[in-house]
Amino acid sequence: KFNRHFFMLIFDDLSKIVHELEEGGIIIYPTDTIWGIGCDAFNENAIKKIYTIKEREPDKPFIVLVSDLDMLKHYVGTIHPRIESLLFYHEKPVTVIYRNIPGFPTVLYGEKKSVAIRVVKDKYCQEFIHAFGRPVVSTSVNRSGEEAPQHFKDIHPDLLAQADFVSTYRRNDNTPAKASAIVSFNSSGKLKFLR
């Protein structure tokens with residue numbers, strides 16, 4: 001198990017991340033794919049602020065991150081066994097599109113009334129999302145139409161300046177960033193890989 005004390009000493013103050021999320025703040029942080037900008041997935045004003053920061057069209061919803069399968073089940077209910085197996089065994093992080101899931105702010109639903117949710121594999125994200133106790137929005141830290149940052153050094157200073165908290169963890173990591181797989185499924189659990 002990830003040591004919470006170690007997390008606070010070596011990386012970032014866990015309580016500060018949680019505080020910023022609870023106060024409707026915007027955070028920039030490394031995910032299990034690329035560096036993301038995010039907020040409380042249930043704070044519509046904060047979500048709209050991210051749209052403004054990114055200069056992004058409101059008809060393009062963001063991905064939502066959860067810390068583990070238990071948190072996912074709390075929001076989507078029963079998970080089809082094929083989806084659960086995929087999330088557990090797939091090498092890459094997997095973002096799954098769930099349809100007809102009530103409860104999230106309207107701004108997170110696309111035209112198809114669906115929400116894209118990923119169970120994070122990164123321990124850092126798992127810890128702060130678990131401590132926060134609710135899903136967190138995630139989208140790449142770039143303006144709409146520009147390339148997503150491969151590393152922390154690629155993030156534009158103007159975007160960093162608009163965040164309430166910027167993680168120190170993995171700022172010097174030069175590992176190439178990889179996007180998640182994106183999957184949809186039907187009622188029988190048949191999977192369709194969209195990416």
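So, in region 146-173, of the ones that are in contact (Cβ under 8 Å) with a residue 24 or more places away in the chain and of a type in the set (Gly, Ala, Ser), which residue ends up nearest to LEU21 (Cα to Cα)?
So the residue we want is ALA163.
Here are some conditions: (1) among the acidic types (Asp, Glu); (2) touching a strand residue (DSSP E or B) at 6+ places or on another chain (Cβ under 9 Å); (3) surrounded by fewer than 21 Cβ atoms within 10 Å (Cβ to Cβ). ASP40 meets all but one. Which one does it not meet?
Every listed condition holds for ASP40 apart from (3).
Hey, does region 32-54 have a residue that's over 24 Å from VAL166 (Cβ atoms) and modelled with pLDDT under 95? Before the answer, list the steps.
Of all residues in region 32-54, those over 24 Å from VAL166 (Cβ atoms) come to none.
Looking for residues that are over 24 Å from VAL166 (Cβ atoms) and modelled with pLDDT under 95, one finds none in region 32-54, hence no.
In the set ILE79, ILE117, ILE97, which member is surrounded by fewer than 21 Cβ atoms within 10 Å (Cβ to Cβ) and assigned to a strand (DSSP E or B)?
Details: ILE79 fails: assigned to a strand (DSSP E or B); ILE117 fails: surrounded by fewer than 21 Cβ atoms within 10 Å (Cβ to Cβ).
Answer to the check: ILE97.
Hey, among GLU127, GLU84, which residue is open to solvent by less than 20 Å² (accessible area, probe 1.4 Å) and out of contact with any strand residue (DSSP E or B) (no Cβ under 9 Å at 6 or more places or on another chain)? First the steps, then the outcome.
Details: GLU84 fails: open to solvent by less than 20 Å² (accessible area, probe 1.4 Å).
Result: GLU127 is the single residue among GLU127, GLU84 that is open to solvent by less than 20 Å² (accessible area, probe 1.4 Å) and out of contact with any strand residue (DSSP E or B) (no Cβ under 9 Å at 6 or more places or on another chain).
Using beta carbons and a limit of 7 Å, which pairs, at least six apart or on different chains, have the first residue in region 71-86 and closer than 13 Å to TYR98 by Cβ and the second one open to solvent by 60 Å² or more (accessible area, probe 1.4 Å) and in a helix (DSSP H, G or I)?
Filtered contacts from region 71-86: ILE79/LYS73.
So, in region 110-148, exactly how many residues are of a type in the set (Phe, Trp, Tyr) and more than 15 Å from ASP40 (Cα to Cα)? Give the derivation first.
Of the residues in region 110-148, the ones of a type in the set (Phe, Trp, Tyr) are 124, 128, 132.
Pick out the ones that are also more than 15 Å from ASP40 (Cα to Cα) and you get 124.
Of the residues in region 110-148, 1 are of a type in the set (Phe, Trp, Tyr) and more than 15 Å from ASP40 (Cα to Cα).
The values are calculated or read from the model by the stated rules, or taken from the named source; none is laboratory data. Just so we're clear, the structure is a prediction, and the values are computed from it rather than from any experiment. Positions of Cβ are generated from backbone atoms using ideal geometry, with glycine treated the same way; all protein chains shown enter the neighbour counts. Keep in mind that these areas ignore ligands, DNA and RNA; they rest on the heavy atoms of the full protein, side chains included. Shrake-Rupley method; radii C 1.70, N 1.55, O 1.52, S 1.80 Å.
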